[in-house]
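Notes for the one structure printed next.
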């Protein structure tokens, strides 16, 4: 795709789609986020983890990167952990931080100069990106010019009202994914009631073939030059697929610890005990707390005994290291579902002994007697 090359010194403070010979990618962020006078988030914005994970991939592969948002300027992120390595790396990149503080207005971008668009998720996009006309125009034009359009988590909401020149919705009859209804039920309690619709429902309504993996498990879907990732743990792979679709051989990067952890959780949920040894031999490579929390949520949404068994395995593997009554109570509830009442009773008695004021444990022990 033709690119107007201008002197790079003009862009010392910003990335731009108009400089350099490498393929360029526009990373789209929500402008919905808002802080109150005390710096507390009162309106959700974009997901910083997804920004930094995707940025890591694009930068490593030498892409020109542009940050853009509906309002331009500095968008507000949802709360995030600055200590995570990929976030630290972004925050230490002065060029990236400078560009993020002065994002381009989407309305100023020219689709003729764009090779790829990557829409970052977060709850904010559910409020502003799907109804931002300049973004709809940009996505339609880039797509029809054979550029790559992509998004992760809630980011695919930007596609739901995009129509092509033939009058059809962009996602009609396409394989797509995004944050699922099940994931909304598990993790969207605060902002979900304020959404106009659920992403999965709207994509299906627009004629999309919605595909998905299990709860918070990695899943990337590619249908031609349309790429979507299901949740935050799908970000790096979705970004890598963008690089590949631009005709480049992606640089091999060491997976982020949380992504590696969730990939192993997926193996446990698919294979059960066969995947346990990989965890036991390489515990340092995995996030123990993330394994434990995955066990809790997998148990909550398990549809059959096999899923319950595998969720219980996650909890058993982390019980001693986490040493928290919430995990123990969930483990006991898993045992109850599997009719292992004596094991459940032993776990609950231990909780009651160490936390005598835990009403949930006391009620559960009464149930087991």
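The values are calculated or read from the model by the stated rules, or taken from the named source; none is laboratory data. Keep in mind it's a predicted model, so treat the numbers as computed, not measured. As a convention, Cβ positions derive from the backbone with ideal geometry for all residues, glycine included, and neighbour counts pool all protein chains shown.
A residue that is on the phi > 0 side of the Ramachandran plot and free of Cβ contacts under 8 Å to residues at least 24 places away in the same chain occurs somewhere in segment 318-325. Which one is farthest from residue 208 (Cα to Cα), of the residues in segment 150-167 that are in a loop (DSSP other than H, G, I, E, B), touching a residue at least 12 places away in the same chain (Cβ under 8 Å) and over 11 Å from the mean Cα position of the chain (by Cα)? In this case the residue turns out to be 165.
Out of 121, 72, I need the residue that is surrounded by 24 or more Cβ atoms within 10 Å (Cβ to Cβ) and in contact with a helix residue (DSSP H, G or I) (Cβ under 8 Å, 6 or more places away or on another chain). Which one? Give the steps one after another, and end with the answer.
Details: 72 fails: surrounded by 24 or more Cβ atoms within 10 Å (Cβ to Cβ).
Unique residue meeting the criteria: 121.
Of the set (1) free of Cβ contacts under 8 Å to residues at least 60 places away in the same chain; (2) on the phi < 0 side of the Ramachandran plot; (3) in a helix (DSSP H, G or I), all apply to residue 298 but (1). When each of 316, 349 is tested for being surrounded by fewer than 18 Cβ atoms within 10 Å (Cβ to Cβ), in contact with a helix residue (DSSP H, G or I) (Cβ under 9 Å, 6 or more places away or on another chain) and under 26 Å from residue 261 (Cα atoms), the lone residue that passes is 316. Return a yes/no flag: does segment 40-49 have any residue that is over 21 Å from residue 157 (Cβ atoms), surrounded by fewer than 24 Cβ atoms within 10 Å (Cβ to Cβ) and either in contact (Cβ under 8 Å) with a residue 60 or more places away in the chain or in contact with a helix residue (DSSP H, G or I) (Cβ under 8 Å, 6 or more places away or on another chain) (or both). Scanning segment 40-49 turns up no residue that is over 21 Å from residue 157 (Cβ atoms), surrounded by fewer than 24 Cβ atoms within 10 Å (Cβ to Cβ) and either in contact (Cβ under 8 Å) with a residue 60 or more places away in the chain or in contact with a helix residue (DSSP H, G or I) (Cβ under 8 Å, 6 or more places away or on another chain) (or both).
In this structure, is residue 303 at pLDDT below 95 and within 20 Å of residue 265 (Cα to Cα)? Criteria met by residue 303.
For residue 32, are the conditions met, namely being in the same structural domain as residue 157 (by TED's automatic domain parsing) and more than 28 Å from residue 202 (Cα to Cα)? Talk me through it step by step, then tell me what you get.
Values: in the same structural domain as residue 157 (by TED's automatic domain parsing): yes; more than 28 Å from residue 202 (Cα to Cα): no.
Here the answer is no, as residue 32 does not meet what is asked.
Checked against (1) surrounded by 16 or more Cβ atoms within 10 Å (Cβ to Cβ); (2) at pLDDT 95 or above, residue 113 passes all but a single condition, namely (2).
For segment 150-173, does any single residue satisfy the condition of being surrounded by 23 or more Cβ atoms within 10 Å (Cβ to Cβ) and more than 26 Å from residue 107 (Cβ to Cβ)? Within segment 150-173, not a single residue is surrounded by 23 or more Cβ atoms within 10 Å (Cβ to Cβ) and more than 26 Å from residue 107 (Cβ to Cβ).
Take residue 178 and decide whether it is without any contact (Cβ under 8 Å) to a residue 60 or more places away in the chain, out of contact with any strand residue (DSSP E or B) (no Cβ under 7 Å at 6 or more places or on another chain) and assigned by TED's automatic domain parsing to the domain that holds residue 126.
no
When residues in segment 326-366 are screened for being under 24 Å from residue 304 (Cβ atoms), free of Cβ contacts under 8 Å to residues at least 12 places away in the same chain and assigned to a helix (DSSP H, G or I), 2 of them pass.
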